[in-house]
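We did not get these values from a lab; they are worked out from the coordinates using the rules stated. It should be emphasised that the depicted structure is a prediction, and the values quoted were computed from it without experimental measurement. A quick note on method: Cβ atoms are made from the backbone with ideal geometry, for glycine too, and the neighbour counts reach across all protein chains shown.
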Amino acid sequence: MNDNEVYPVRATRTFPGVPQECGAARAWAKTIVQAFPEISDAVELVTSELFANAVRHTASGIPGGEVEVAVTMTGDRPECIRLEVTDQGRRPDRPWSVPHARMPSEDSQGGRGLFIASALSREWGRFPVTGSGAHHLPGQAHDRPGSMITWAEFPVHQIERDLELAGAS
Ligand SMILES: Nc1ncnc2c1ncn2[C@@H]1O[C@H](COP(=O)(O)OP(=O)(O)OP(=O)(O)O)[C@@H](O)[C@H]1O
Ligand SMILES: [Mg+2]
């Protein structure tokens, strides 16, 4: 690879949309970023929260549903690693919702997932999957209304040219 080359390096894996797979998704993401110890715990935790949200709040969590997890680093943004979790959109049995961080009351036991994600990442956000150039679960962009990519970016000290995401292509 020469110095002028911009190299998007992306690792993706699709998991069944069941809570028991959360640990596998978390462990996979941590392994992918193993060359970046300064962010690996944060990536692991945020993967866990975003995966759990996809399963809990979207059609990814109905039987046969899936969640795609992707980790990317790019030469044009060498200062960060990006995590993306793609869900399968609105559940027919739930009101419509979008990922939104909130500050739960002190005695509330839940509702901190995205608050945690925002605290552990440089920036987070979400955007709808459109199918035009967006990454999405194959063949499902259009028949899954509300499908969303929730992403978080993690600052890394420096991406050396010879450091790679494990298992990325
Ligand atoms: N992928 C998603 N698609 C649609 N709505 C989402 C998604 N992720 C989160 N949300 C919405 O954002 C809210 C806040 O998410 P957050 O993870 O902070 O809390 P929670 O999932 O309700 O509780 P906890 O994470 O503590 O179990 C959720 O209650 C849900 O309404
Ligand atoms: Mg949550």
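A few notes on this one:
- In the range 37-54, of all residues being of a type outside the set (Val, Ile, Thr) and within 15 Å of ligand 2 (Cβ to nearest atom), the one that is nearest to residue 19 (Cα to Cα) corresponds to 52.
- Unmet criterion (only one of (1) in contact with a helix residue (DSSP H, G or I) (Cβ under 8 Å, 6 or more places away or on another chain); (2) in contact (Cβ under 8 Å) with a residue 24 or more places away in the chain; (3) of a type in the set (S, T, N, Q)) for residue 72: (1)
- Filter result (aromatic (Phe, Trp, Tyr) and more than 8 Å from ligand 1 (Cβ to nearest atom)) within the range 106-125: 124
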